[in-house]
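Taken together, the values in this text are just the output of simple stated rules run on the coordinates, not laboratory data. Every value quoted in this text rests on a predicted model; they were computed, and no experiment measured them. Please note: Cβ atoms are built from the backbone with ideal geometry, for glycine as well, and neighbour counts cover all protein chains shown.
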Amino acid sequence: MDSFKLDLLMAAPASIIYEALTTQHGIQNWWTTASEVGTTVGQQITIRFGDTYKVMQIEALRPFTEVQWS
């Protein structure tokens, strides 16, 4: 799969969702503890599950509004 887009409506404050998607601590709490998370546009996020991993570039970060990786 080369592309995936997901729009979600969540019953939580935008600040909590944004933190869950944009910080090391946030990603490790809901996705996987084996991750490295960049914090600015142009950096990378790496998600690992054993020997399987995905590296994505951070394309957009608009606080409390948008997170985009590619």
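Before moving on, here are some points about what is shown:
- A simple count of charges around Thr22, restricted to other residues whose Cβ falls under 14 Å of its Cβ and scoring Lys, Arg +1 and Asp, Glu -1, yields -3.
- The 3J(HN,Hα) values that the Karplus relation (6.51, -1.76, 1.60; θ = phi - 60°) gives for region 32-38 are, in residue order, 7, 6, 8, 8, 10, 10, x Hz. Gly and Pro appear as x.
- Contour minus Cα-Cα distance for Ile16 and Ser3 (0.36 nm per residue): 2.1 nm
- Gain on full stretching of the segment that runs from Phe64 to Asn29 - 0.36 nm per residue minus C-alpha separation: 10.8 nm
- Other residues whose C-beta falls under 14 angstrom from the C-beta of Thr46 contribute a net charge of 0, scoring Lys and Arg +1 and Asp and Glu -1.
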